[in-house]
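Scroll down for the structure; my scribbles are underneath it.
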Amino acid sequence: MDIKGAWISHICDLDKNALARLNKRYPSLVTTTEYKEILRSPKIDAVVIATPVRTHFSLAREALLEGKHVLVEKPLAASVREAEQLIKIAQKAQLCLMVDHTFVYSEPVKALRKLMSELGELRYFDSVRVNLGLFQKDINVIWDLAPHDLSILLYLIDQDPEEVSAIGIGHINPDIENTAYLVLKFKNRFIAHFHFNWLSPVKIRQTLVAGSKKMLVYDDLNALEQVKIYDYGVAQHKNKSAPLVDYRTGDIYSPHVEKTEALYNVCNDFVHSIIKDSKPVSDGTFGLRVVRILEAAQYSIKHGGVFVRPENGS
């Protein structure tokens, strides 16, 4: 991956075997098991944090306080309070704080965003992300998988939900839900529903977005036709005896989608934002919006699926 204006100089990992493999493949890189060596190096301007969620806040905070720009793996932090603190520190130090919400930078999702204006009044967003594993030890399936689909939704519609509800169950560990269903209610009768599962025999990554005029289907696993737009719709007509519903079926169109690697786009936006002092697409504030929903969902799932306003989800 060649990003103009930046290069990788150091890698830190607690796994010495992993570092040995990297040293063999990239002998010019400096490897270490002590992350403070990287944070305190005056030659390093920015760091990427790809660690368990529980460590995001402490590592990102320390990096920002050492004057480093930070790109942190999703989600930004384990709570709204932590995310807000990181944003304040970054703003005060005039540093770039960015979250790796990779799908926001994928070409299919960018294609979806361009098509949203054709849908008419938005009606629903329905997403399924299921697979067999990978079971996490410290977070449930919502914290693990939902950041992907929540970031896609927020990127497409640029609205925040008014209410959040989640239900789920832990079949392996009763305290960690491996199957969950998440519902978001927005203004104007728009609703979003998500299904997350670590216990599925098949892998599915599919999203439906419906509007009053057209509908979109995004199938991440369909290499040939990842995005389809359906000229389908439903219209209701008044009748003396009962309402009449007309169904309209038209063309199905699959637009050309570029093949640029999403992670390349992520890294490029991070470096560009640092050099140009601009705001990345997935900045700290965007990451905070995702964490607000996650925190509300966590509260809801532990309280029987009660609907929660995101700002009160702690």
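What the table below lists for this structure:
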| quantity | calculated |
| --- | --- |
| Note, ³J(HN,Hα) from phi for the stretch 200-206, Karplus 6.51, -1.76, 1.60, rounded to Hz, x at Gly and Pro | 9, x, 10, 9, 10, 9, 9 |
| Debye, to nearest 20: dipole size of the chain, +1 on Lys, Arg Cβ, -1 on Asp, Glu Cβ | 240 debye |
| Among 254-262, 149-157, the order from most to least packed when residues are scored by Cβ within 10 Å on average | 149-157, 254-262 |
| Total formal charge among the other residues, if their Cβ is under 14 angstrom from that of Q91, Lys/Arg +1 and Asp/Glu -1 | +1 |
| Per-residue ³J(HN,Hα) for the stretch 98-114, Karplus 6.51 cos²θ - 1.76 cosθ + 1.60, θ = phi - 60°, Hz, x for Gly and Pro | 9, 10, 7, 8, 4, 5, 4, 9, 7, 5, x, 5, 5, 5, 4, 4, 5 |
| The chain - share of DSSP beta bridges that are antiparallel (%, nearest 5) | 70 percent |
| C-alpha long axis of helix 284-301 to longest principal axis of the chain, angle in ° | 60 degrees |
| Added length on full extension, which subtracts the Cα-Cα distance from 0.36 nm per residue, E225 to I167 | 17.7 nm |
| Extreme residue, positive dipole direction of the chain, given options A18, I8, A166 (C-beta unit charges) | A166 |
| Hz values of 3J(HN,Hα) by residue in the stretch 271-277 - Karplus curve (6.51, -1.76, 1.60), Gly and Pro given as x | 5, 4, 5, 5, 5, 8, 6 |
| Residue-averaged [θ]222 nm for the chain, counting only DSSP H segments that reach four residues, each worth -39500 (n - 2.57) | -10000 deg cm²/dmol |
| The stretch 103-261: relative contact order as a whole-number percent, Cα under 8 Å and 6+ apart | 27 percent |
| Mean Cβ neighbour count within 10 Å, used as a protection proxy, ranking 202-213, 27-38 highest first | 202-213, 27-38 |
| Compactness index (Cα Rg / 2.2 N^0.38 Å), the stretch 83-210 | 1.17 |
| Gap separating the Cα centres of the stretch 15-54 and the stretch 135-178, nearest whole Å | 30 Å |
| G211 long-range amide H proximity, modeled H, under 5 Å | R123, L216 |
| Long-range amide H partners of D100 with built H, under 5 Å | V72, E73, K74 |
| Total formal charge among the other residues, if their Cβ is under 9 angstrom from that of K214, Lys/Arg +1 and Asp/Glu -1 | -1 |
| Highest-first arrangement of 284-295, 50-61, where packing means the average Cβ count within 10 Å | 284-295, 50-61 |
| Computed magnitude of the charge dipole of the stretch 103-261 (debye, nearest 20; Cβ of K, R +1, Cβ of D, E -1) | 580 debye |
| Positive-end residue, the chain charge dipole about Cα centroid, Cβ charges, pick of C96, F125, I152 | F125 |
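Rule-based calculations on the coordinates, nothing more; no lab input. Just so we're clear, the structure is a prediction, and the values are computed from it rather than from any experiment. Every residue, glycine among them, receives a Cβ derived from its backbone with ideal geometry; neighbour counts consider all protein chains shown.
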